[in-house]
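Step one of this worksheet: look at the structure below.
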Amino acid sequence: MALLDWITPQSSLALDGEGVRLRSPRWRDYEAWSNLRARSRDFLQPWEPVWPDDDLQRAAFRRRLAAYTREIEAGGAYPFFVFRRADDALVGGVTLSNIRRGVAQMATVGYWIGQPYAGQGYMSAALPALVDFAISGIGLHRVEAACVPENEPSRRLLLKSDFQQEGLARAYLKINGSWRDHLLFGMAPTGPSAEIDQRSV
């Protein structure tokens, strides 16, 4: 499978986790995505960069999809939306970004969960599928993640997902308008590959 095949309208890269499916974002996802993000704004904003004023508008989503395509073509990132397999409800998103090749062979994991679906195990199911894709699917050696120290649910999620806490970075990322310290996590897992398939959407 050519890595870029999945960004065409006819196909999609999909990763299966326990009770969830990860697949590439599509234009048809706009309504579900914008509704979920709007409902979850107060829940998400303390842990994310400041949202642009037009962040939930159609034009901004179109720009987002175009940026995803450029990142994929450059080999720098793989974004996924996370769906509940039982009813195909959009519950959140995960991204493998900042992919470094050469002697590093590593990437950074980012994720968000909609407030109605928080604490129900969906992200705990999605992260292992993404990590397996990173290691076994595209041949990376190491995966990293970070969260602000006050985000206890995120810290617990990473530890539950077999990430190891490795340190603290001062003023690491600009979150909600302020440069924030972050706890740093990493893993270099081994194990079975995520189930990857190429199918029509």
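If you go through the stretch 24-34 one residue at a time, how many are assigned to a helix (DSSP H, G or I) and touching a strand residue (DSSP E or B) at 6+ places or on another chain (Cβ under 9 Å)? Walk me through it before giving the result.
Narrowing the stretch 24-34 to residues assigned to a helix (DSSP H, G or I): 27-34.
From the residues that got through so far, the ones that are touching a strand residue (DSSP E or B) at 6+ places or on another chain (Cβ under 9 Å) too are 29, 32-33.
Total meeting the criteria: 3.
Could you tell me which numbered condition THR95 fails, if it satisfies all but one of (1) surrounded by fewer than 18 Cβ atoms within 10 Å (Cβ to Cβ); (2) free of Cβ contacts under 8 Å to residues at least 24 places away in the same chain?
With respect to (1) surrounded by fewer than 18 Cβ atoms within 10 Å (Cβ to Cβ); (2) free of Cβ contacts under 8 Å to residues at least 24 places away in the same chain, THR95 is out only on (1).
What is the residue count in the stretch 157-173 for residues that are farther than 15 Å from VAL143 by Cβ and more than 18 Å from the chain's Cα centre (by Cα)?
Selection size over the stretch 157-173: 6.
Does VAL143 fit the bill of being in contact with a Phe, Trp or Tyr (Cβ under 9 Å, 6 or more places away or on another chain), within 19 Å of GLU71 (Cα to Cα) and either at pLDDT 95 or above or surrounded by fewer than 19 Cβ atoms within 10 Å (Cβ to Cβ) (or both)?
Details: in contact with a Phe, Trp or Tyr (Cβ under 9 Å, 6 or more places away or on another chain): yes; within 19 Å of GLU71 (Cα to Cα): yes; either at pLDDT 95 or above or surrounded by fewer than 19 Cβ atoms within 10 Å (Cβ to Cβ) (or both): yes.
Yes, satisfied.
Out of everything in the stretch 98-116 that is free of Cβ contacts under 8 Å to residues at least 12 places away in the same chain and not β-branched (Val, Ile, Thr), what residue ends up being surrounded by the most Cβ atoms within 10 Å (Cβ to Cβ)? Quick ask: steps written out before the conclusion?
Here is the first cut: in the stretch 98-116, the residues free of Cβ contacts under 8 Å to residues at least 12 places away in the same chain are 100, 102-103.
Still in the list and also not β-branched (Val, Ile, Thr): 100, 102.
Values: ARG100: 14, GLY102: 6.
Residue satisfying both the conditions and the ranking: ARG100.
Is it true that some residue in the stretch 40-63 is assigned to a strand (DSSP E or B), out of contact with any Ser or Thr (no Cβ under 7 Å at 6 or more places or on another chain) and surrounded by 12 or more Cβ atoms within 10 Å (Cβ to Cβ)?
Within the stretch 40-63, the first condition is being assigned to a strand (DSSP E or B), and the residues that meet it are none.
The answer is no; no qualifying residue exists.
For the stretch 12-39, give me the residue count where each residue is within 19 Å of PHE80 (Cβ to Cβ), out of contact with any helix residue (DSSP H, G or I) (no Cβ under 7 Å at 6 or more places or on another chain) and loosely packed, with under 13 Cβ neighbours inside 10 Å.
2
Of (1) free of Cβ contacts under 8 Å to residues at least 60 places away in the same chain; (2) touching a strand residue (DSSP E or B) at 6+ places or on another chain (Cβ under 8 Å), SER136 satisfies all except one. Which?
Among (1) free of Cβ contacts under 8 Å to residues at least 60 places away in the same chain; (2) touching a strand residue (DSSP E or B) at 6+ places or on another chain (Cβ under 8 Å), SER136 violates only (2).
Name the residue that is nearest to LEU13 (Cα to Cα), counting only residues in the stretch 74-127 that are in contact with a Ser or Thr (Cβ under 6 Å, 6 or more places away or on another chain) and part of a helix (DSSP H, G or I).
Restricting attention to the stretch 74-127, the residues satisfying the condition of being in contact with a Ser or Thr (Cβ under 6 Å, 6 or more places away or on another chain) are 77, 79, 97-98, 108, 110, 114-115, 127.
From the residues that got through so far, the ones that are part of a helix (DSSP H, G or I) too are 115, 127.
Working: GLN115: 26, LEU127: 16 Å.
Looking at the filtered set, the residue picked out is LEU127.
Could you tell me whether any residue of the stretch 68-90 is of a type in the set (A, V, I, L, M, F, W, C), modelled with pLDDT under 95 and surrounded by 15 or more Cβ atoms within 10 Å (Cβ to Cβ)?
Yes - at least one qualifying residue is present in the stretch 68-90.
What are the pairs with Cβ atoms under 7 angstrom where one residue, in the stretch 25-48, is closer than 14 Å to LEU65 by Cβ and the other, located anywhere, is assigned to a helix (DSSP H, G or I) and hydroxyl-bearing (Ser, Thr, Tyr)? Sequence gap at least six, or different chains.
Once the first residue is closer than 14 Å to LEU65 by Cβ and sits in the stretch 25-48, its partners that are assigned to a helix (DSSP H, G or I) and hydroxyl-bearing (Ser, Thr, Tyr) give PRO25/TYR68.
The values are calculated or read from the model by the stated rules, or taken from the named source; none is laboratory data. As the structure is a prediction and not an experimental result, all values here were calculated from the model. Glycine gets a Cβ as well: all are built from the backbone with ideal geometry, and neighbour counts include every protein chain shown.
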